[in-house]
1. Going through Arg156, Arg161 one at a time, which residue ends up being buried (at least 18 other Cβ atoms within 10 Å of the Cβ), basic (Lys, Arg) and at pLDDT 95 or above?
2. Evaluate the following for Ser160: is it hydroxyl-bearing (Ser, Thr, Tyr), assigned to a strand (DSSP E or B) and within 25 Å of Met31 (Cβ to Cβ)?
3. Can you pull out the residues in the range 252-279 that are in contact with a Leu (Cβ under 9 Å, 6 or more places away or on another chain) and of a type in the set (Asp, Glu)?
4. Give the residue, chosen from Asp254, Asp215, that is in contact with a Gly (Cβ under 9 Å, 6 or more places away or on another chain), touching a residue at least 40 places away in the same chain (Cβ under 8 Å) and over 17 Å from Cys140 (Cα atoms).
5. In the range 39-57, which residues are closer than 21 Å to Ala281 by Cα and assigned to a loop (DSSP other than H, G, I, E, B)?
6. So the check is Cβ under 7 Å with 6+ separation or different chains; which pairs have a first residue in the range 136-163 that's touching a residue at least 24 places away in the same chain (Cβ under 8 Å) and acidic (Asp, Glu) and a second one that's assigned to a strand (DSSP E or B) and surrounded by fewer than 22 Cβ atoms within 10 Å (Cβ to Cβ)?
7. Would you please name the residue that is nearest to Ala290 (Cα to Cα), looking only at residues in the range 6-43 that are polar (S, T, N, Q) and at pLDDT 85 or above?
8. Restricting attention to the range 167-195, and to residues there that are more than 23 Å from the chain's Cα centre (by Cα) and part of a strand (DSSP E or B), which single residue is modelled with the lowest pLDDT?
Amino acid sequence: MGQVLPVPNTLKDSGDAAAPSKGLRWGHSCMQGWRFSMEDAHFAVASLQGEGWEDFAAFGVLDGHGGKEVAQFCQKQLPAQIGKGSSLNAQAALVEAFHRMDEMLHIMHEDPLSDAAYNPFGSGSSNANPYWMGCTAVVCLVRSDVILVANAGDSRAVLSRSGLAISLSEDHKPNLPQEKQRIQRAGGHIERHQIGDNVQYRVNGNLNLSRSIGDLEYKRAEHLPADEQMICATPDVRATPREPEDEFLLLACDGIFEKLSTKEAGQIVRRRLRATGDAKAAAEGLVKMAEK
């Protein structure tokens with residue numbers, strides 16, 4: 001899935017912010033790692049724009065592969081597209097927004113001048129092609145009474161409640177029965193790859209995940225709807241009522257969970273938050289632990 005460096009780049013881009021009116025504060029930390037370039041992105045929006053959406057804050061982690069462009073495109077466009085949906089059915093609006101990302105990527109690839117203001121596939125990025133690059137997306141909408149998580153791919157959302165790490169998402173991997181059935185019905189196949197103790201299942205010998213935004217090469221079956229394509233952008237959406245015992249939410253890409261379990265990641269963040277109250281430091285501490 002792209003070039004790698006002889007040694008990892010461990011420089012971190014970190015920050016924090018808050019929305020006092022919503023009682024929220026957050027921190028982030030990003031590290032390039034072994035990749036030849038930084039391909040991931042994230043967003044944090046204190047108040048979504050759109051009729052009826054102002055009570056929702058939105059957070060997302062976008063784990064890119066094959067290049068940075070799709071992740072960066074979603075960073076700019078996905079919150080806005082969510083806000084264009086109906087706030088009366090937020091779960092449907094999330095699904096529609098994920099699908100709309102693929103539609104927009106296809107339009108811009110076919111017509112680079114369709115909207116030069118935000119088209120990452122114009123003349124300045126001649127090697128960028130959404131048919132051969134993509135990103136996972138885990139998005140969390142937070143309101144005073146509910147947490148909505150939409151996930152496509154293998155990034156994760158974790159809720160810490162009374163010290164317990166609760167998974168709010170499921171990794172989409174090709175060997176899962178429901179994913180395997182869809183892939184095969186769409187004409188794809190799954191290959192098992194093993195290096196040492198590491199076993200991966202790859203769609204057509206390439207992608208080791210079964211849902212993503214972009215990767216349009218795997219979405220060419222014109223007789224199939226968006227949610228039945230070999231690789232689909234359809235997110236699982238889960239609503240979780242907020243409770244007084246809720247402590248924090250963690251959104252992270254699979255690079256964290258390749259090194260740490262969901263429980264371990266939750267414990268690391270919880271210890272740092274209890275010790276310092278610093279969300280940025282907690283995010284940096286988690287990334288640092290995943291370096292080992």
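The values are calculated or read from the model by the stated rules, or taken from the named source; none is laboratory data. Computed from a predicted model, the values in this text were never measured in an experiment. In this analysis, Cβ positions are derived from the backbone assuming ideal geometry, glycine residues included, and neighbour counts consider all displayed protein chains.
1. Exactly one of Arg156, Arg161 is buried (at least 18 other Cβ atoms within 10 Å of the Cβ), basic (Lys, Arg) and at pLDDT 95 or above, namely Arg156.
2. Judged against the criteria, Ser160 is a match.
3. Asp254
4. Result: Asp215 is the single residue among Asp254, Asp215 that is in contact with a Gly (Cβ under 9 Å, 6 or more places away or on another chain), touching a residue at least 40 places away in the same chain (Cβ under 8 Å) and over 17 Å from Cys140 (Cα atoms).
5. Selection gives Asp40, Ala46.
6. Asp145/Pro241
7. Ser29
8. The residue in question is Ile195.
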